[in-house]
């Protein structure tokens, strides 16, 4: 899976959505699966319409 790939969640993924919102609101959380501990962090990625237009136009002109 490419790190920039977007996974679309739906209402069926309510538990995952609640978890991600909790991490977003509360900060990093530790999750343990068997004997492996993961630190889970979430950062919100947004791109404004102005930023998108800038990038689609080719960025900085030399």
Scope the range 1-21; condition exposed (fewer than 11 other Cβ atoms within 10 Å of the Cβ), part of a helix (DSSP H, G or I) and more than 14 Å from the chain's Cα centre (by Cα); matching residues: 11, 12, 14, 15
Some residue of the range 36-52 being surrounded by 10 or more Cβ atoms within 10 Å (Cβ to Cβ) and assigned to a helix (DSSP H, G or I): yes
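Every read-out reported here was derived from the displayed coordinates using simple, explicitly stated rules and does not represent laboratory data. Worth saying up front: this structure is predicted, and the values here are computed from it rather than measured. Note: ideal-geometry Cβ built from the backbone for every residue, glycine included; neighbour counts use all protein chains shown.
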